[in-house]
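The values are calculated or read from the model by the stated rules, or taken from the named source; none is laboratory data. For clarity, every value in this text was computed on a predicted model and none was experimentally measured. Cβ sites come from the backbone with ideal geometry, for glycine too, and all protein chains shown count toward neighbours.
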Amino acid sequence: MATNTFEKAYTPIRIRGLELRNRFIKSATFEGMTEEGYSTAQLVEHHRRLAQGGVGLTTVAYGAVSPEGRTNRRQLLIDDRAVPPLLDLSAAVHAEGGAVMLQLTHCGYFTKNQELRFKRSLAPSARINLYGILGGIFFSRSMTKEDMHYLANRFANAALLSRNAGLDAVEIHMGHGYLLSQFLSPGINKRMDEYGGSVANRLRFPLEVVEAVRRAVGEDYPIFCKINLEDGFRNGLTINDAVEVAKALEKAGVDALVLSGGFTSITPFYLMRGDVPMREMIKAERDVAQKMAMALFGKFIMRRFAFEENFFMPMALKIREAVTMPLAYLGGVSSREGIERAMTAGFDLIALARAVIHDPDFLLKIRDGRVSVSECNHCNICVAEMDRGGVRCVL
């Protein structure tokens, strides 16, 4: 492969009103570094260090747009109180020459959080909530149009607060089995009205969220969306659906897509591939009942998917062929060759996580020729560490 394709990854790119120093995004991975749902000095240092290590755009993970939008109370809540500590975070990243994006989301039915507006969690359709059974949240309820209006406004308000906190962009989370992903998934969305059925109907509420966010933040503020290429389970969203989703988001004025996959509540390791650290995850779980449930049933839910570098490439190429908008390739990039493949294939950005969790200086070292491949072994114990004081590599 031509060397200049690798070098292109280190060149600037403009996304609407934002210029990034290079094409690398630290993808959103739950950090486990909040206090009562708000940013801490530990979270600030985590993202500052990633920026110091050469990431062009780092993503603060799981910013819930409303209290009931968190799967648990350790996740970020984006309200007025969130702004001052996020100002500290954005300033720290900017001081290192990087940019920072906030991921905005809502968990939908998948929650054990008791901060519910009603007795049931919100979802496109009524559904059993296995994750929340031990906490007494047995079922979700089908959202009304009033619920959708409420949440579209909450997404918009959270995006405006993000801008006010000095963050450079927002990522609307439409993947991984959270609320907007639940609307897009035919295996989950069983509605019989104009919000269910065809891909166009399942897209209706996510597009209403995009429209509300754009009105709130203005024309110069970048909006990214993270979408699934596939859900990874039978009757879930497929790559053919994802192509239609990408086309619609491009038409709606979304600035860039981060391409991902998997459903946290059904196929949690479809995204990461590699080992499933069940023992470590059980040990890290704080709730005794949940710990027992994981020990009994975890092996049936958390299926292992073999890791290979650039594992989403065949599906991601179908999106690249369908749209002209900027796309971020995500999925196992961990070497110079993997970076070259993604850039040669025509992707504008590269999203990665484990390689820079393992070594925050990975991008600097690989650029300078000090390494050619990450030493991350995809043990995924970093997932368990999210609940043991904050995400980190144990190697």
Any hit, the stretch 338-351, residues being within 20 Å of residue 29 (Cα to Cα) and touching a Ser or Thr at 6+ places or on another chain (Cβ under 6 Å): yes
Test result for residue 340, crowded, with 18+ Cβ neighbours inside 10 Å and within 30 Å of residue 16 (Cβ to Cβ): yes
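For the stretch 49-63, does any single residue satisfy the condition of being without any contact (Cβ under 8 Å) to a residue 12 or more places away in the chain and either more than 20 Å from the chain's Cα centre (by Cα) or surrounded by fewer than 17 Cβ atoms within 10 Å (Cβ to Cβ) (or both)?
Step one: list which residues in the stretch 49-63 are without any contact (Cβ under 8 Å) to a residue 12 or more places away in the chain, which gives none.
The answer is no, given that none of the residues of the stretch 49-63 is without any contact (Cβ under 8 Å) to a residue 12 or more places away in the chain and either more than 20 Å from the chain's Cα centre (by Cα) or surrounded by fewer than 17 Cβ atoms within 10 Å (Cβ to Cβ) (or both).
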Residue under evaluation residue 283, criteria (1) crowded, with 18+ Cβ neighbours inside 10 Å; (2) charged (D, E, K, R); (3) touching a residue at least 60 places away in the same chain (Cβ under 8 Å), criterion not met: (1)
Listing of strands (runs of 3 or more DSSP E) fully contained in the stretch 1-45 that carry 2 or more residues being farther than 28 Å from residue 336 by Cα: none
Test set (1) under 19 Å from residue 102 (Cα atoms); (2) more than 19 Å from the chain's Cα centre (by Cα); (3) not aromatic (Phe, Trp, Tyr) - residue 200 fails condition number: (1)
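Free of Cβ contacts under 8 Å to residues at least 24 places away in the same chain and hydroxyl-bearing (Ser, Thr, Tyr): is that true of residue 238 in this structure? Before you say what the answer is, go through the steps one by one.
Numbers: free of Cβ contacts under 8 Å to residues at least 24 places away in the same chain: yes; hydroxyl-bearing (Ser, Thr, Tyr): yes.
Here the answer is yes, as residue 238 does meet what is asked.
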Yes/no for residue 180 being surrounded by fewer than 23 Cβ atoms within 10 Å (Cβ to Cβ), closer than 26 Å to residue 161 by Cα and of a type in the set (A, V, I, L, M, F, W, C): no
Where residue 73 falls short, out of the listed (1) surrounded by fewer than 17 Cβ atoms within 10 Å (Cβ to Cβ); (2) not in a loop (DSSP other than H, G, I, E, B): (2)
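Here is a check on your reading of the model: is residue 180 more than 24 Å from residue 352 (Cα to Cα) and either under 20 Å from the mean Cα position of the chain (by Cα) or charged (D, E, K, R) (or both)?
Values: more than 24 Å from residue 352 (Cα to Cα): no; either under 20 Å from the mean Cα position of the chain (by Cα) or charged (D, E, K, R) (or both): yes.
The answer is no for residue 180.
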Subset of the stretch 91-105 [surrounded by fewer than 22 Cβ atoms within 10 Å (Cβ to Cβ) and part of a helix (DSSP H, G or I)]: 91, 92, 94, 95
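Looking at the stretch 225-244, which of its residues are surrounded by fewer than 24 Cβ atoms within 10 Å (Cβ to Cβ) and of a type outside the set (Lys, Arg)? Let's see the steps before the verdict.
Of the stretch 225-244, the ones surrounded by fewer than 24 Cβ atoms within 10 Å (Cβ to Cβ) are 230, 232-236, 238-241, 243-244.
Result: 230, 232, 233, 235, 236, 238, 239, 240, 241, 243, 244.
Which one is nearest to residue 26 (Cα to Cα) among residues in the stretch 305-337 that are of a type in the set (S, T, N, Q) and buried (at least 17 other Cβ atoms within 10 Å of the Cβ)? Can you show your working first?
If we filter the stretch 305-337 for residues that are of a type in the set (S, T, N, Q), which is where we start, we get 310, 324, 334-335.
Still in the running and buried (at least 17 other Cβ atoms within 10 Å of the Cβ): 310, 334-335.
Working: 310: 16, 334: 13, 335: 15 Å.
Checking each candidate, the answer is 334.
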For residue 51: the one exception among (1) under 30 Å from residue 177 (Cβ atoms); (2) part of a loop (DSSP other than H, G, I, E, B): (2)
Cβ pairs under 9 Å, 6+ apart, first in the stretch 346-373 and at positive phi, second part of a strand (DSSP E or B): 346/327
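Pick out, from the stretch 171-218, the helices (runs of 4 or more DSSP H) lying fully within it that include 3 or more residues that are touching a Ser or Thr at 6+ places or on another chain (Cβ under 9 Å) and either among the aliphatic types (A, V, I, L, M) or in contact (Cβ under 8 Å) with a residue 12 or more places away in the chain (or both).
Numbers: elements: 179-184, 199-202, 204-217.
The qualifying helices (runs of 4 or more DSSP H) are 179-184.
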Any chance residue 232 is out of contact with any His (no Cβ under 9 Å at 6 or more places or on another chain), more than 14 Å from residue 199 (Cβ to Cβ) and modelled with pLDDT of 90 or more: yes
